[in-house]
Amino acid sequence: MSTRLSNKIARQYFLHDCDTHEDGQRCCFFTEGGERAGWGFWVRADGTVDCDEISSSGDMPPGTIVAACVRAAVRYLRH
């Protein structure tokens with residue numbers, strides 16, 4: 001995708017936008033330290049957040065990070 005994430009915080013934790021949710025909706029995945037390290041979560045185009053409990057720790061980062069990632073992902077996925 002050619003559009004860049006809109007804020008520095010989101011770009012810092014963005015891993016990819018290759019996943020799709022079970023309903024077929026594309027998602028952005030954000031993680032701390034790459035796959036299988038720390039927390040990870042997906043954000044769908046409608047702003048829904050799904051925590052990764054399988055390949056990550058199952059924890060979530062502070063709310064400010066989540067909010068920045070959600071705003072950026074929603075904007076990114078709408079393009």
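Here is how the numbers come out for the structure above:
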| read-out | value |
| --- | --- |
| Residue of GLY33, GLY58, GLY24 that the Gaussian network model of the chain assigns the largest fluctuation, springs spanning Cα pairs under 10 Å | GLY24 |
| Cα-derived Rg over Rh, computed across the chain with Rh taken as Kirkwood radius | 0.92 |
| Computed over the stretch 36-79, the ratio Rg/Rh where both radii use C-alpha atoms and Rh is Kirkwood | 0.99 |
| Taking GLU22, GLU32, GLU53 and counting other C-beta atoms within 10 Å, the order from fewest to most | GLU22, GLU53, GLU32 |
| Longest segment of the chain lacking trypsin sites (Lys or Arg not before Pro) that sit in a DSSP loop with at most 16 other Cβ atoms within 10 Å | 37-77 |
| In order through the stretch 47-52: 3J(HN,Hα) via Karplus (6.51 cos²θ - 1.76 cosθ + 1.60), integer Hz, x for Gly, Pro | x, 5, 10, 10, 6, 8 |
| Surrounding net charge for GLY47, when Lys and Arg each add one and Asp and Glu each subtract one, Cβ distance under 12 Å | +2 |
| Rounded to whole Hz, the Karplus (6.51, -1.76, 1.60) HN-Hα couplings of the stretch 15-27, x for glycine and proline | 9, 6, 10, 8, 7, 10, 6, 4, 8, x, 6, 5, 10 |
| In Hz, Karplus ³J(HN,Hα) per residue of the stretch 62-79 (6.51, -1.76, 1.60; θ = phi - 60°; x = Gly, Pro) | x, x, 5, 5, 4, 4, 5, 5, 4, 4, 5, 5, 4, 5, 4, 6, 7, 8 |
| Net charge of neighbours whose Cβ lies under 15 Å from the Cβ of GLN25, counting Lys and Arg as +1 and Asp and Glu as -1 | -3 |
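All of the numbers you see were taken from the coordinates with simple rules; none came from a lab. The structure presented is a predicted model; accordingly, all values stated were derived computationally and were not measured. Cβ: placed from backbone, ideal geometry, glycine included. Neighbour counts: every protein chain shown.
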